[in-house]
Amino acid sequence: MAILCSIKHALERRGKVIYLVPLKALASEKYEEFKLLEKIGIKVTFSTSDFDYVDPSLGEYDIIIATNEKADSIVRHKPIWINRISLIVADEVHLLSEPSRGPTLEVLLTSLRELNPEAQIIALSATIKNASEIAEWLRAVPINSNWRPIPLKEGVFLNNTIIFKDGSFTKIYENEKDSVVALTIDCIRQGGQVLIFTGSRASAVSLAKRLSEPIRRFLKNEEERKLMELSSRILGLGERTRISELLSKLISYGVAFHHAGLTYQQRRIIEDNFRSSLIKCICATPTLAAGVNLPARRVIIYDYKRYEPGIGQINISVMEEKQMAGRAGRPKYDREGEAILLAKSESEREYLFEEYVLADPERIWSKLGASSSLRSHVLAVIATNLINYEEELLEFFTKTLFAHQYGLGSFRKKIVRILNILINEDLIEYSKGKLKATKFGKRVAELYIDPETAIIIRDGLKSPLMSALEYLMLICQTPDMPGLPFRKKDLPMVSEFIDKELNFEESECLAKLEKIKAALMLNSWIEEETEDKIIEKFDVGSGDIYSYVETAKWLIHSAYEIAKLFGYERHLISLSNLYLRVENGVKEELLPLIELRGIGRVRARALYSAGFKTIEDLKKADPSVLMNIPQIGPETVRLIKEQVGNNKVIIK
């Protein structure tokens, strides 16, 4: 529907289409689908990162696919083409009820409707109970359809039997005591693939290990050969770590684990080779259910409980279960898909049928009222001149889903309280009812950071020169930087940074410890500790390291811009160097070397250790000497010499 409507707007109405998705991976996937339209003259692009920059070339495209956050940042920069949007597509719109990301989508849709009141909106979801209410808010028409390209059968497994929702059943005759192994092998034996959802990373890894030998028995010789090649490819991505070694080994057996601790490249390879049917089974955390389209013949929901910090084990929502179940059924391969929950007793089977299989997803409820991001959204609508007066601000928020469901009521007091804070901190000027963003407020909105983050950084930069660790401590105490889960075994590591009176059990103190741990991890990264050592020391994955690196780069850039705005010039060189150190994971002495294309932290350190410390050293270096350095091969030498000015290099 979205593709057909996009074609109509691009070709017939000469409008611009913005297609909103919740995740970068989904943006890439949608781009691959939509770029086929270029054959009929429709220009397609996608934009997912760098919140402080809007590529001017976006105005040349007919269809822009963007994450919700990137689209929100685009609105804050108000490019001249923003008013030409005639179609807004909100994919996975049920995420409105997700506490951390739903409010951004809600305010983004409200803002886009204000900027483009005549634009058409298409909101898509496979799991919405109160579709009519959401449609009413969007002034849209609800269209409900039960059609599915591959029919889905949901059921519960107990005592070697799957009983399905429609009353049918399937016996599993595999000679396996382990239910998950039996269900997986039964499906693979018949030429299918299996996707298993677990409640934690550890469980995903453990299950993949359990399944590796049983799955290996069903691989054909040609598949084994290709999987060995794939296994080697995984090891060749970035630094070698205990996680990449284990993943590589399991992939050679035809099974993989998938979670946010893996790097983007690792996850992409797993997904692509599952789609091509080479990898037979993926054991994944629930994040995969909300991400890319990765169908399997059989989906096994291994855990229907999940651990929530501070609460303990809780049942997952029906919506989450339906999102997982929805991955069952491969178009072009399967006549039907199966989604299966596991029971240990008759009573548990009845419970799972009642609570999940036969249940409807929960209603979508706005989370804007309880959102800490409301500060940022109040500032943004003022900074973009979407509203100019206090009554207009309140009027804007009456158009949100929150107001539609609950009314403005106490929400009004919260907005006014936030407005007063923004005025007191010089982000907003207030005169005779008129509101205007200060230079500081406008820049903060463009940087796409929480106003509280900006205030913390501004006040922190009033100090004289700071060390790299002190800068990291500063950005990590902001609300935009998540903490790292803290355990009592981590106390010795952070002891020198905490007050002796700190009570580990208090939530505020725990949050502080988590922030300190995040800063120390980033410091280990720029001090060139190996990924594997960081993984062991901080109990993270490579994907976590790179995720924190990206957030740190964004906040260091923001700190640089705030320092420039307030004339704190003493910090500019230090912040600029720190940005490069965080980006590359190097000590300051390697900065000249990592400017070269193809030279990362490992090769730069190898060159430095061999005595090549500057660009001038490399310019004078004999190619044969460079090739004797570990990690430096003929192609790398050629690349180095081309960049340092030796264009004609003969490498023997």
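The values are calculated or read from the model by the stated rules, or taken from the named source; none is laboratory data. If you're wondering where the values come from, they're calculated on a predicted model, not measured in any experiment. Cβ: placed from backbone, ideal geometry, glycine included. Neighbour counts: every protein chain shown.
See the values below:
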{"item": "Qualifying residue in the stretch 613-633 (condition: in a helix (DSSP H, G or I), among the polar types (S, T, N, Q) and surrounded by 15 or more Cβ atoms within 10 Å (Cβ to Cβ))", "result": "no"}
{"item": "Complete set of residues in the stretch 289-328 that are within 29 Å of Leu20 (Cβ to Cβ), touching a strand residue (DSSP E or B) at 6+ places or on another chain (Cβ under 6 Å) and part of a loop (DSSP other than H, G, I, E, B)", "result": "Ile316, Arg327"}
{"item": "From Ile562, Ile455, residue being surrounded by 23 or more Cβ atoms within 10 Å (Cβ to Cβ), at pLDDT 95 or above, farther than 29 Å from Glu308 by Cβ and not assigned by TED's automatic domain parsing to the domain that holds Ser73", "result": "Ile562"}
{"item": "Test: residue in the stretch 76-87 that is part of a helix (DSSP H, G or I), buried (at least 17 other Cβ atoms within 10 Å of the Cβ) and charged (D, E, K, R)", "result": "yes"}
{"item": "The lone exception for Ala71 - which of (1) surrounded by 19 or more Cβ atoms within 10 Å (Cβ to Cβ); (2) in contact with a Pro (Cβ under 7 Å, 6 or more places away or on another chain); (3) more than 14 Å from Ala123 (Cα to Cα) it fails", "result": "(2)"}
{"item": "Every residue from the stretch 363-393 that is surrounded by fewer than 18 Cβ atoms within 10 Å (Cβ to Cβ) and either in contact with a His (Cβ under 9 Å, 6 or more places away or on another chain) or farther than 25 Å from His94 by Cα (or both)", "result": "Asn385, Asn388, Tyr389, Glu390, Glu391, Glu392"}
{"item": "Qualifying position, being surrounded by fewer than 19 Cβ atoms within 10 Å (Cβ to Cβ), assigned to a helix (DSSP H, G or I) and of a type outside the set (D, E, K, R), among Ser100, Ser132", "result": "Ser132"}
{"item": "Criterion: over 24 Å from the mean Cα position of the chain (by Cα) and touching a residue at least 12 places away in the same chain (Cβ under 8 Å) - qualifying residue of Leu195, Leu230, Leu246", "result": "Leu230"}
{"item": "Complete set of residues in the stretch 307-341 that are in contact (Cβ under 8 Å) with a residue 12 or more places away in the chain, basic (Lys, Arg) and under 22 Å from Leu26 (Cβ atoms)", "result": "Lys322, Arg327, Arg330"}
{"item": "Residue within the stretch 151-174 that is under 25 Å from Val292 (Cα atoms), out of contact with any Leu (no Cβ under 7 Å at 6 or more places or on another chain) and assigned to a helix (DSSP H, G or I) present", "result": "no"}
{"item": "Yes/no for Lys209 being crowded, with 17+ Cβ neighbours inside 10 Å, in contact with a strand residue (DSSP E or B) (Cβ under 9 Å, 6 or more places away or on another chain) and on the phi < 0 side of the Ramachandran plot", "result": "no"}
{"item": "Selection within the stretch 264-291 - touching a Leu at 6+ places or on another chain (Cβ under 7 Å), under 23 Å from Val549 (Cα atoms) and touching a residue at least 60 places away in the same chain (Cβ under 8 Å)", "result": "Gln266, Leu288, Gly291"}
{"item": "Test: residue in the stretch 9-18 that is touching a strand residue (DSSP E or B) at 6+ places or on another chain (Cβ under 8 Å), β-branched (Val, Ile, Thr), modelled with pLDDT of 95 or more and buried (at least 23 other Cβ atoms within 10 Å of the Cβ)", "result": "yes"}
{"item": "Contacts under 7 angstrom Cβ, first residue in the stretch 486-502 being within 14 Å of Asp539 (Cβ to Cβ) and assigned by TED's automatic domain parsing to the domain that holds Ala519, partner in a helix (DSSP H, G or I) and at pLDDT below 85, 6 or more apart", "result": "Phe486/Leu510"}
{"item": "Residue satisfying all of: in the stretch 421-458; polar (S, T, N, Q) and not in a helix (DSSP H, G or I); nearest to Glu391 (Cα to Cα) among these", "result": "Ser431"}
{"item": "Among (1) without any contact (Cβ under 8 Å) to a residue 12 or more places away in the chain; (2) assigned to a strand (DSSP E or B), the one test that Glu32 misses", "result": "(2)"}
{"item": "Residues within the stretch 158-186 that are under 19 Å from Leu211 (Cα atoms), in contact (Cβ under 8 Å) with a residue 24 or more places away in the chain and either outside the structural domain of Gly254 (by TED's automatic domain parsing) or surrounded by fewer than 17 Cβ atoms within 10 Å (Cβ to Cβ) (or both), tallied", "result": "2"}
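Table: residues versus (1) under 27 Å from Leu96 (Cβ atoms); (2) out of contact with any Phe, Trp or Tyr (no Cβ under 9 Å at 6 or more places or on another chain).
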site	(1), (2)
Ile18	yes, yes
Lys30	yes, no
Phe34	yes, no
Ile40	no, yes
Phe51	yes, no
Val54	yes, yes
Leu58	yes, no
Ile65	yes, no
Lys70	yes, no
